[in-house]
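Encoded as structure tokens, the structure appears first; notes follow it.
The values are calculated or read from the model by the stated rules, or taken from the named source; none is laboratory data. These numbers were taken from a predicted model, which means no experiment stands behind them. Glycine also receives a Cβ, built like all others from the backbone with ideal geometry; neighbour counts cover every protein chain displayed. Ligands, DNA and RNA are excluded from the accessible area calculation, which covers all protein heavy atoms including side chains. Shrake-Rupley method; radii C 1.70, N 1.55, O 1.52, S 1.80 Å.
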Amino acid sequence: MRDTAELQAHIAGLGRVLLGYSGGVDSALLAVAGRRALGRGDFLAVIGRSASYPQVQYRNALELAARFDVPLLELDTHELEDPAYLANAPDRCFFCKTELWTRLEEVRAARGFDRILDGTNADDLGEHRPGLRAAAERHVASPLAALGWTKADVRAAARELGIPTWDAPAAPCLSSRVRYGLEITPERLAQVEDGEAFLRGLGVTGDLRVRHLGGSARIEVSPPEIASVERQWDAVETAFRDLGFSAVELDPRGYRRGSLLGLERTGS
């Protein structure tokens, strides 16, 4: 297992730092390690708030910051005012991250911080992540990736530090659930969030995505959860109609990362 002292020593060598903080396990680990390495005066975790940020993730972020005495700043981001972001092409994340890092750079300059950090880990470098280009263009540092820490390393270290979300499933922004080419709107994001909250209320655990396909929705859950959803399907159909979907389907293959890639052409 990786030594968290190595991570803290790396962060301590970066000067006064801001962290782009979402509450996911990667940024949670950096928040705790950064607070321990630098103290309250030289470390600040920053949450970017918008309609694309899941409320459950926001609550987790606040609770963790309070528990570990992490200095916290919240600011509004305005990616939903950017036509390039709303167009929802496969490089959508580039425009979101450009907005986030622009806002954090303003804070960095105003408050005299030296560096901005993100939670990119070594596994992320081989995936479809257009947001990495925005980070590179703005010289955002990625301590986990720089040290070669994988997602498994991050989860193990988070568990060792007592971070309660060490094994929580990934919860990317709500826009990642909307079919490419379908315009991002606050209403569609709310449909996705409310649909996932309903399914959690039925007891669904693990990975979960409500994919917004326009008029219809596709539900992806981890394979062990499929039977549970099927048993409650009448309630699911009713709830999703009430949310404004004309139809809903359960993907028999279960949750798959990147399952929307290519759907900007097929529309299915």
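In summary, residue 131 fulfils each of the numbered conditions (1) modelled with pLDDT of 95 or more; (2) farther than 30 Å from residue 239 by Cβ with the single exception of condition (1). Please work out if residue 167 is open to solvent by 30 Å² or more (accessible area, probe 1.4 Å), touching a residue at least 12 places away in the same chain (Cβ under 8 Å) and either in contact with a Pro (Cβ under 8 Å, 6 or more places away or on another chain) or of a type in the set (Val, Ile, Thr) (or both). So residue 167 fails the test.
For beta carbons closer than 8 Å, sequence separation of 6+ or different chains, a first residue in segment 41-59 that is farther than 19 Å from residue 175 by Cβ and a second that is of a type in the set (Val, Ile, Thr) and surrounded by fewer than 19 Cβ atoms within 10 Å (Cβ to Cβ), the qualifying pairs are 44/107; 46/107. What residue, among those in segment 15-40 that are touching a residue at least 40 places away in the same chain (Cβ under 8 Å) and farther than 22 Å from residue 123 by Cβ, is most open to solvent (accessible area, probe 1.4 Å)? Only one residue tops the list, namely 16. Of all residues in segment 123-143, those that are surrounded by 18 or more Cβ atoms within 10 Å (Cβ to Cβ) and out of contact with any strand residue (DSSP E or B) (no Cβ under 9 Å at 6 or more places or on another chain) total 4. Could you grab me the full set of residues in segment 56-85 that are open to solvent by 70 Å² or more (accessible area, probe 1.4 Å) and outside any loop (DSSP other than H, G, I, E, B)? Hits for segment 56-85 are 56, 59, 63, 66, 67, 74, 76, 81, 83.
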